[in-house]
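The values are calculated or read from the model by the stated rules, or taken from the named source; none is laboratory data. Given the structure is predicted, the values throughout are model-derived calculations rather than measurements. Virtual Cβ from ideal backbone geometry, glycine too; neighbours counted across all protein chains shown.
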């Protein structure tokens with residue numbers, strides 16, 4: 001699996017101009033030479049280029065409705081089949097699922113007041129808010145992606161791990177062979193969230209449930225000792241759990257807590273509701289569970 | 001149950017000064033004459049006043065660590081017992097759970113560079129990010145609340161229902177007697193989210209599960225036809241569901257869809273996973289379910 005760089009490219013700023021796709025690729029902003037979407041179905045999409053076409057994108061500046069690829073004749077470019085949620089389209093859907101930042105560049109042929117007269121301009125980081133299918137002008141179905149420009153506030157919330165090169169760690173889940181990988185990316189919440197999700201095959205450590213989406217299983221990386229002030233929990237694998245949204249909300253708001261032996265206890269009834277599933281390669285520190293218990297008054 | 005006004009008070013702007021608590025109350029910014037927290041355990045807290053005390057709050061301007069009330073001697077003000085998560089403290093925890101905006105005002109006795117020399121200043125709208133218990137200076141436990149100032153971006157996302165006076169509707173769930181109530185508030189996502197949650201006793205319409213927190217059951221109001229452009233679904237009860245976070249993520253990202261008879265279908269396997277629980281007083285429009293199905297390519 002290739003390393004993939006998410007977020008801003010060092011030395012490149014929004015507004016920077018590139019004469020052609022080759023120089024845009026060389027800068028690192030958009031590595032593929034031709035494809036409009038840079039990404040894969042493992043890590044998601046890191047970059048798109050708006051370059052105009054028969055199925056137009058809608059460019060409102062801070063909001064872009066981007067049309068996926070596929071279904072068109074390679075020589076004429078004409079849409080002659082419906083698009084599927086695969087390849088770059090699936091990669092963009094995964095960036096939506098994972099809340100990853102996507103670099104956006106505009107080419108001169110885009111019907112937009114924001115496009116340059118010649119060449120390409122890097123517009124900055126966007127987030128995929130949602131995706132859906134609709135009938136395009138050709139009468140065939142296309143996939144659409146709604147992106148919005150990340151605000152400074154959103155960017156600074158992401159900045160925790162900006163451009164950090166992650167350590168080499170195992171990310172194979174229990175059911176697959178071990179494989180080392182280096183991930184170099186901005187992670188919305190944590191530079192290790194990707195690893196902890198893979199350890200458990202994108203299933204919840206409390207209920208084992210899977211939350212299905214059109215872009216694969218959805219699960220969240222949750223810090224046991226909270227990250228923010230005044231708790232200042234560390235962003236390490238020893239402080240991270242892989243939880244479904246339901247079991248993420250509950251401990252954050254004091255509904256369940258964890259014992260030193262990683263039993264899950266209902267905070268109101270004090271009844272055990274389960275035992276945390278654990279991957280032997282996932283080190284967890286019980287002092288963080290003790291810190292979390294004290295936050296909500298349990299002295300277990 | 002009293003109506004409670006959440007969000008900005010018309011005619012009052014951040015920075016406005018009030019000579020005393022009576023004028024602050026009269027303006028509508030902070031109705032109680034003495035209590036530091038304005039709120040109740042049904043609707044949450046709409047306003048707090050920082051006024052200094054033995055258990056100091058921490059005031060960093062845009063971030064405030066606020067200490068709850070209770071556990072102190074009414075005559076000396078000295079902390080002589082631990083605080084409980086009840087009354088105003090529970091109201092603030094509910095505002096956290098529901099994502100409600102809280103008005104913040106500062107009095108002159110706050111140890112803070114942001115406090116006025118005399119009287120009170122309205123600081124603006126904040127959001128409760130989290131709450132927890134810790135040992136205060138007195139050696140007794142206090143509840144703390146972390147608030148951050150809402151940015152313009154966050155405020156405009158909330159602005160959909162700003163200061164709208166909701167219609168009179170029934171909000172009793174199936175297990176309680178019917179009672180009419182008027183709710184006048186800003187709702188983060190929807191002016192009807194409160195109603196739809198009460199119809200189902202804060203339990204998911206798909207799985208019936210309850211997500212427990214220290215501040216009561218957590219559940220989300222979900223639009224079937226999405227609110228944003230280009231879908232422009234309406235913010236009405238006919239387009240709203242009461243869902244746990246897991247069953248909210250899944251349809252938003254195309255993992256499940258609903259038939260016209262409100263069966264819940266897994267989008268990948270096309271296997272029915274359940275039937276939507278329905279309160280007879282909750283009108284739902286199947287054309288929104290059909291719109292949602294088309295977004296992810298199902299022609300059912």
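Restricting attention to the stretch A:185-206, which residues are modelled with pLDDT under 95, assigned to a loop (DSSP other than H, G, I, E, B) and out of contact with any helix residue (DSSP H, G or I) (no Cβ under 6 Å at 6 or more places or on another chain)? Within the stretch A:185-206, A:185, A:189, A:190 meet the criteria.
Is it the case that the stretch A:232-247 has a residue that's surrounded by fewer than 23 Cβ atoms within 10 Å (Cβ to Cβ), within 14 Å of chain B (Cβ to nearest Cβ) and part of a loop (DSSP other than H, G, I, E, B)? Yes, the conditions are met somewhere in the stretch A:232-247.
Please work out if residue B:260 is farther than 26 Å from residue A:97 by Cβ, outside the structural domain of residue B:88 (by TED's automatic domain parsing) and outside any helix (DSSP H, G or I).
yes
May I ask you to verify whether residue B:91 is surrounded by 15 or more Cβ atoms within 10 Å (Cβ to Cβ), closer than 18 Å to residue A:253 by Cα and more than 13 Å from every other protein chain (Cβ to nearest Cβ)? Against the criterion (surrounded by 15 or more Cβ atoms within 10 Å (Cβ to Cβ), closer than 18 Å to residue A:253 by Cα and more than 13 Å from every other protein chain (Cβ to nearest Cβ)), residue B:91 qualifies.
As a summary of the residue check, residue A:18 satisfies the conditions (1) buried (at least 21 other Cβ atoms within 10 Å of the Cβ); (2) out of contact with any helix residue (DSSP H, G or I) (no Cβ under 9 Å at 6 or more places or on another chain); (3) in contact (Cβ under 8 Å) with a residue 60 or more places away in the chain; (4) over 16 Å from residue A:125 (Cα atoms) except for the one numbered (2). Selection over the stretch A:56-78 of residues that are surrounded by 12 or more Cβ atoms within 10 Å (Cβ to Cβ), within 14 Å of chain B (Cβ to nearest Cβ) and touching a strand residue (DSSP E or B) at 6+ places or on another chain (Cβ under 8 Å) gives a count of 12.
Residue check: is residue B:93 assigned to a helix (DSSP H, G or I), touching a residue at least 40 places away in the same chain (Cβ under 8 Å) and either closer than 23 Å to residue B:213 by Cα or not assigned by TED's automatic domain parsing to the domain that holds residue B:220 (or both)? When the stated conditions are applied, residue B:93 passes them. Considering the stretch B:101-131 alone, what residues qualify as being within 11 Å of the chain's Cα centre (by Cα) and either more than 14 Å from every other protein chain (Cβ to nearest Cβ) or in a helix (DSSP H, G or I) (or both)? Once the filter is applied, which keeps residues that are within 11 Å of the chain's Cα centre (by Cα) and either more than 14 Å from every other protein chain (Cβ to nearest Cβ) or in a helix (DSSP H, G or I) (or both), the stretch B:101-131 yields B:101, B:102. Of the set (1) at negative phi; (2) not in a helix (DSSP H, G or I), all apply to residue B:274 but (1).
Give the residues of the stretch B:38-52 that are at positive phi and surrounded by fewer than 18 Cβ atoms within 10 Å (Cβ to Cβ), sorted by residue number. Within the stretch B:38-52, just B:52 meets the criteria. Annotation note: of B:7, B:11, the sole residue that is assigned to a loop (DSSP other than H, G, I, E, B) and buried (at least 21 other Cβ atoms within 10 Å of the Cβ) is B:7. Taken over the stretch A:79-88, the criterion of being farther than 20 Å from residue A:46 by Cα, away from every other protein chain (no Cβ under 12 Å) and buried (at least 21 other Cβ atoms within 10 Å of the Cβ) is satisfied by A:79 alone.
Based on this model, can you work out whether residue A:134 counts as within 15 Å of the chain's Cα centre (by Cα), surrounded by 14 or more Cβ atoms within 10 Å (Cβ to Cβ) and over 23 Å from residue A:20 (Cα atoms)?
On the way: within 15 Å of the chain's Cα centre (by Cα): no; surrounded by 14 or more Cβ atoms within 10 Å (Cβ to Cβ): yes; over 23 Å from residue A:20 (Cα atoms): yes.
In short, no.
Condition (residue is within 9 Å of another protein chain (Cβ to nearest Cβ), in contact with a helix residue (DSSP H, G or I) (Cβ under 9 Å, 6 or more places away or on another chain) and modelled with pLDDT under 95) applied to the stretch B:268-290: is it met by at least one residue? No.
Checking each residue in the stretch A:210-230 for being outside any loop (DSSP other than H, G, I, E, B) and either within 10 Å of another protein chain (Cβ to nearest Cβ) or within 23 Å of residue B:270 (Cβ to Cβ) (or both) picks out A:211, A:212, A:213, A:216, A:217, A:218, A:220.
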